[in-house]
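Peer 1: Handing you this structure, nothing more for now.
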Amino acid sequence: MADQPINVLFIIKPERGAGAEMVLVEAASRLPRDRFRVICGLLTPDADRIIPPHLATLDFNLPGLNGWVWLRFFFKLCWVIYRRQVDLLHVNSYVPGNYARLAAALMQVPIIIDHWHGFTRFNRKRRLICRVLGRFTDVSIAVSQGVRDYLLTQIGLDPAKVRVVPNGVDIAAIDAARPGLEVRRELGLSPDVPLLGLVGRLDHWGKGHKELFEAMASLKENYPVHALIIGGGRRKKEVRALAASLGLADIVHFLGHRRDVPDLLKAMDIFILPSYSEGVSLALLEAMAAARPVIVSRVGGLPEVVQQNKTGLLIPPRDAGALAAALARLLDDPDLAQKLGAAARRRVRVHFSLDRLGKEITAIYEELVEKKFGGRGAG
């Protein structure tokens, strides 16, 4: 039998602000087109914002992601799998991922892959569900060794099935970003003011906005820093109110959700990510690719990316004092900041590019195709 393309279905919720979804999109776009026929199954609209034009899309047209909608999604996905003769399903392991894996197992999809990006809280029910679905899953991809270890201890997945594939970023897009001084002029900021930046959704306090504001409040008498807060979310008013209560209203700039993050990174002097929990942040990788010195919490997969005193500074989580000390160190020593930024740029280009991500995902696919189909097309 001549080789035939492998039919691959990705399940994606197309939000540019959601790093987990963007990783799936980037992986899909880098598969060899003559080998894999890709369909992006979209849970929500606005696909044109993030889906490359050469990828086929299928809209599940879900009015809302809750309740009976998931049952509708389940049955519609079963029909799609049958009609499109899906050979490989690749999903993120959140609620839609669980329904999708269950449908794929029921429809006997030969290859099932799930993708883990962070440290999900597991109650007894979810732990049981993931353990059962893990039996039907061929490979679970973790974005860091820390996430992999967490999955093994929390769920008890088969270690042979859990692979580490770090995230990647579009280095070409970072290189093509506009000059920082131009961006500062548009924002109405002086070219001389030290500018910090934090990129993260404002749905909770877990990205460390509170610690950043407290650190800035303790430094503002001696260091005239400003900060860009990039990202939207349901707690935006609360976060803004906290900044104002600490006397930072004039120096903390809330930009909301932005599509020009690479441009904004070029305007920053220091990138901050004092998260309480993190897999591997795409915003962090983009900042490092832009040669920004970074200060991040020593949590999750971040220490696997940032090497202390070599490519950035690591601090304890929930520690505004440690963050303030790290900021003062970089502000007092511009040569150190430049050295860390240059080293960070080199590290990302070698270890965290999209080309590397695409090659590793493709290698996993080819390995599973060889195992299930003897290396031939699905037929």
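The values are calculated or read from the model by the stated rules, or taken from the named source; none is laboratory data. Predicted model, so just to flag it, every value in this text is computed and none were measured. Note that we place each Cβ from the backbone using ideal geometry, even for glycine, and neighbour counts take in every protein chain shown.
Peer 1: Residues in region 118-135: is at least one of a type outside the set (D, E, K, R), closer than 22 Å to VAL25 by Cβ, modelled with pLDDT of 90 or more and not assigned by TED's automatic domain parsing to the domain that holds ASP260?
Peer 2: Looking through region 118-135, none of the residues is of a type outside the set (D, E, K, R), closer than 22 Å to VAL25 by Cβ, modelled with pLDDT of 90 or more and not assigned by TED's automatic domain parsing to the domain that holds ASP260.
Here's the yes/no breakdown for (1) part of a loop (DSSP other than H, G, I, E, B); (2) in contact with a helix residue (DSSP H, G or I) (Cβ under 9 Å, 6 or more places away or on another chain); (3) modelled with pLDDT under 90:
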position: GLN4; (1), (2), (3): yes, no, yes
position: PHE10; (1), (2), (3): no, yes, no
position: GLU21; (1), (2), (3): no, no, yes
position: HIS54; (1), (2), (3): yes, yes, yes
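Peer 1: Could I ask something else about it? Would you check if there is a residue in region 149-168 being in contact (Cβ under 8 Å) with a residue 12 or more places away in the chain, more than 16 Å from ILE364 (Cβ to Cβ) and within 18 Å of the chain's Cα centre (by Cα)?
Peer 2: Yes: one or more hits.
Peer 1: With the checklist (1) modelled with pLDDT under 95; (2) out of contact with any helix residue (DSSP H, G or I) (no Cβ under 9 Å at 6 or more places or on another chain); (3) over 30 Å from ILE141 (Cβ atoms) in hand, flag the one item GLN338 doesn't pass.
Peer 2: (1)
Peer 1: Output yes when any residue across region 229-244 is closer than 18 Å to PRO293 by Cα, surrounded by 19 or more Cβ atoms within 10 Å (Cβ to Cβ) and at pLDDT 95 or above, and no when none is.
Peer 2: Applying the first criterion (closer than 18 Å to PRO293 by Cα) to region 229-244 yields 229-230.
Next, only the ones that are surrounded by 19 or more Cβ atoms within 10 Å (Cβ to Cβ) stay: 229-230.
Now drop any that are not at pLDDT 95 or above, which leaves 229-230.
Looking for residues that are closer than 18 Å to PRO293 by Cα, surrounded by 19 or more Cβ atoms within 10 Å (Cβ to Cβ) and at pLDDT 95 or above, one finds at least one in region 229-244, hence yes.
Peer 1: Can you name the residue in region 169-198 that is more than 13 Å from LEU264 (Cα to Cα) and in contact (Cβ under 8 Å) with a residue 24 or more places away in the chain and is also surrounded by the most Cβ atoms within 10 Å (Cβ to Cβ) among such residues?
Peer 2: Checked region 169-198; the qualifying residue surrounded by the most Cβ atoms within 10 Å (Cβ to Cβ) is VAL169.
Peer 1: Across region 210-234, what is the total count of residues that are under 17 Å from ARG318 (Cβ atoms) and within 22 Å of the chain's Cα centre (by Cα)?
Peer 2: Residues meeting the conditions: 3.
Peer 1: May I pose another question? Which one of these is of a type in the set (Lys, Arg), surrounded by 14 or more Cβ atoms within 10 Å (Cβ to Cβ) and either outside any helix (DSSP H, G or I) or within 16 Å of the chain's Cα centre (by Cα) (or both): ARG121, ARG131, ARG201?
Peer 2: Checking each option against the conditions leaves just ARG201.
Peer 1: Can you work out which of the residues in region 67-91 that are part of a loop (DSSP other than H, G, I, E, B) and in contact (Cβ under 8 Å) with a residue 40 or more places away in the chain is farthest from GLU370 (Cα to Cα)?
Peer 2: The selected residue is GLN85.
Peer 1: Now for a separate question. Anything in region 92-118 that is in a strand (DSSP E or B), among the β-branched types (Val, Ile, Thr) and under 12 Å from ILE11 (Cβ atoms)? List them, or say none.
Peer 2: Passing the criteria: ILE112, ILE113.
Peer 1: For region 208-228, name all the residues that are assigned to a helix (DSSP H, G or I) and either in contact with a His (Cβ under 7 Å, 6 or more places away or on another chain) or surrounded by fewer than 21 Cβ atoms within 10 Å (Cβ to Cβ) (or both).
Peer 2: Within region 208-228, LYS210, GLU214, ALA217, SER218, LEU219 meet the criteria.
Peer 1: Determine the pairs where a residue that is in the same structural domain as PHE271 (by TED's automatic domain parsing), located within region 315-338, has a partner that is in a loop (DSSP other than H, G, I, E, B) with Cβ atoms under 6 Å apart, the partner being 6 or more residues away or on another chain.
Peer 2: Pairs found: PRO317/TYR276; PRO317/VAL299; ALA322/PRO316; LEU323/PRO274; LEU330/PRO293; LEU331/PRO194; LEU331/TYR223; ALA337/PRO293.
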